[in-house]
1. Only one of these conditions is not met by Thr317: (1) surrounded by fewer than 22 Cβ atoms within 10 Å (Cβ to Cβ); (2) more than 16 Å from Arg274 (Cα to Cα); (3) β-branched (Val, Ile, Thr). Which number is it?
2. Which one is nearest to the chain's Cα centre (by Cα), of the residues in segment 224-261 that are assigned to a loop (DSSP other than H, G, I, E, B) and surrounded by fewer than 22 Cβ atoms within 10 Å (Cβ to Cβ)?
3. Any residue in segment 321-328 that is surrounded by 21 or more Cβ atoms within 10 Å (Cβ to Cβ), in contact with a Phe, Trp or Tyr (Cβ under 8 Å, 6 or more places away or on another chain) and of a type outside the set (Asp, Glu)?
4. Can you tell me which residue among Arg117, Arg105 is more than 19 Å from Val362 (Cα to Cα) and in contact (Cβ under 8 Å) with a residue 12 or more places away in the chain?
5. Could you please let me know if Ala21 is in a loop (DSSP other than H, G, I, E, B) and touching a strand residue (DSSP E or B) at 6+ places or on another chain (Cβ under 7 Å)?
6. With the checklist (1) at pLDDT 95 or above; (2) farther than 27 Å from Thr374 by Cα; (3) among the charged types (D, E, K, R) in hand, flag the one item Arg72 doesn't pass.
7. Are any residues in segment 223-280 hydroxyl-bearing (Ser, Thr, Tyr) and out of contact with any Phe, Trp or Tyr (no Cβ under 9 Å at 6 or more places or on another chain), and if so, which ones?
Amino acid sequence: MPDPRPGAHDTPPASLPMGTADLAYHLAMGGRPLPAGFLFGFSGRAPTLDSVRARVAERALRIPALRYRIARSSRTFTRVDAIDVERHVHEAWLPGDDDGSGAGRLMLSRPMGGDGRPPWDVWLVHGPAGGHSLCYRTDHTFQDGVGAAHTARALLDDHPAGGPPAYRGRRPALGGLVGALGDVAASFRAGDMPAFDVPVSGRTTLCQAVVPVARLRAVGRANGATVNDVFLAALAHAVGTWHHKNTGSVHPPLPVAVPMSVRPGGEECAPGNRLVVARVLLPCDAPSPRHALSRVTARTDGLRAGRQRDALRLLLTAGPRGVGARVGTRMVNGRSVAGPVSSVDFGSALVHQGSTARRSVVYSGLGAGIRCLTTLTSQHDTACLAVIHDEALKGADELPDLWLAALLELERL
């Protein structure tokens, strides 16, 4: 079936320069790949590896983001004119993976190809009792979460349409420009985050929780908040509870980086990152989830009113990309923030060969001293919270249950 997405039938340029965000990831990782992508969990009989490879072979050359490799020495993306599907599509068995998190850990731990081919692969992972996962994986230097969502749908979905909404740029307000400059200035100071002040082990693991999206929306409607606000408030209370349980102390407001997409319409499957990050202090010191939600909502309302997303985009791209990239590396590293906290709405459920995914998860590895990454991925009527953390964070696997408890408390108010 032809891919309906814009740009899917155009001949892409022979090479493209890294953008500011791409270069920031390249610098932060020292040229090493940082795995990122989407995982889709299914029930029932799995497709065959040959059938998945046939789908990928049919579509890959029509999707711009799959046509480039990273030329790190020249800091460019270089087009390829042939794709060896057998080197990009793989199979694995995890018979003990009862909740699907093992597939995520596998994607985080498997080495990525460094042989000059385009930096993506697809995995068919067989779980217990007929369950299986399809995983699309790329290098974060090459693609952000929203781009990965569109690319995964274009590559794997029976009817590839929809996905996260396009960014529509506007002129930033004065308050947004002031806020953006304040975020940059704050990145030069070490963040106060005692729960995450542990040496990095370099070993990454993942834990998760699944909830109906309707629960998050209902809490949001009752409090004049968005689903993302509810996610952040429950996470703030979860971290505060976790830290207090371990130390008996109140955790100070936690600096995190909140990615915001600036991917415009027509570039859904274009290579490269199209994102900026805002600095947010999660109110881990709030006495209740309700108080945390009130403080989070005030902060995000201010971001929207000042159009800080537009201000950050202007600030990071107005000058030389090297300058913007180095500013970006300061804003997202383990000295200034605990880690990224990201929310992606995938849209309607992925359907592959007639089977509908039960859940989806956006994930990324850790780098630049980051100890923890938390994502909330919505698909149709289901949301999945994933906490990807360094193994040095002992007990961090409690955070999904603490997040669910905070959500339940918000529902009772």
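The values are calculated or read from the model by the stated rules, or taken from the named source; none is laboratory data. Note that the coordinates shown come from a computational prediction; the quantities given were computed from them, not determined experimentally. We place every Cβ from the backbone using ideal geometry, glycine too, and count neighbours over all the protein chains shown.
1. (2)
2. Thr226
3. No, segment 321-328 has no match at all.
4. That would be Arg117, the only listed residue that is more than 19 Å from Val362 (Cα to Cα) and in contact (Cβ under 8 Å) with a residue 12 or more places away in the chain.
5. Working: in a loop (DSSP other than H, G, I, E, B): no; touching a strand residue (DSSP E or B) at 6+ places or on another chain (Cβ under 7 Å): yes.
In short, no.
6. Against the list (1) at pLDDT 95 or above; (2) farther than 27 Å from Thr374 by Cα; (3) among the charged types (D, E, K, R), Arg72 comes up short only on (1).
7. Within segment 223-280, the first condition is being hydroxyl-bearing (Ser, Thr, Tyr), and the residues that meet it are 226, 241, 247, 249, 261.
Across segment 223-280, the qualifying residues are Thr226, Thr241, Thr247, Ser249.
This table checks each residue for (1) at pLDDT below 95; (2) more than 22 Å from Leu156 (Cβ to Cβ).
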residue	(1), (2)
Ala349	no, no
Gln353	no, no
Ser360	no, no
Ser364	no, no
His389	no, yes
Gly395	yes, yes
Asp401	no, yes
Leu404	no, yes
